[in-house]
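Read the structure below first, then the notes.
The values are calculated or read from the model by the stated rules, or taken from the named source; none is laboratory data. This is a predicted model, so every value here is computed, not measured. Virtual Cβ from ideal backbone geometry, glycine too; neighbours counted across all protein chains shown.
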Amino acid sequence: MALSAYKSVWLFALFDLPTFSKEHRRQYARFRKKLLDKGFSMLQYSVYAKHMASEEAAESTKNSVRESLPPAGQVRLLAITDHQFGRMEVFAGKKRAKTEDPPMQIALF
């Protein structure tokens, strides 16, 4: 079954967390690990994304990420359609790079 580029979404977690103290660095590492454990992939430093089958699935994941938020810093969650994600322009230096493909299939747990 093919996923619709208009129904499936990419959920972004964009964050700036303090790293001034040992405890802040520990909280940063813990939050980053939780994102990875939830299936997010790093696109850039402090920018992580996960492909989701629907907005409803994204809402569930947003709630899970909210539970993991550290007490300091700023975290933004943004969902865009797969179609919008595919229109993103990615550059490595001055050369245009290919945008990431969504996973071939979605694992159900």
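Restricting attention to segment 18-53, which residues are of a type in the set (S, T, N, Q) and either farther than 23 Å from Thr99 by Cβ or surrounded by 15 or more Cβ atoms within 10 Å (Cβ to Cβ) (or both)?
Across segment 18-53, the qualifying residues are Thr19, Ser21, Gln27, Ser46.
Can you spot a residue in segment 7-17 that is in a loop (DSSP other than H, G, I, E, B), in contact with an Asp or Glu (Cβ under 7 Å, 6 or more places away or on another chain) and closer than 20 Å to Asp101 by Cβ?
Scanning segment 7-17, I find at least one residue that is in a loop (DSSP other than H, G, I, E, B), in contact with an Asp or Glu (Cβ under 7 Å, 6 or more places away or on another chain) and closer than 20 Å to Asp101 by Cβ, so the answer is yes.
Six or more apart or on different chains, Cβ atoms under 7 Å: show the pairs whose first residue is in segment 61-73 and polar (S, T, N, Q) and whose second is modelled with pLDDT of 95 or more and in a helix (DSSP H, G or I).
Filtered contacts from segment 61-73: Ser68/Phe31; Ser68/Lys34.
Of the residues His83, His24, only one is at negative phi and either of a type in the set (Phe, Trp, Tyr) or modelled with pLDDT under 95 (or both); which?
His83
Could you tell me how many of the residues in segment 28-61 are farther than 17 Å from Asp16 by Cα and assigned to a helix (DSSP H, G or I)?
8
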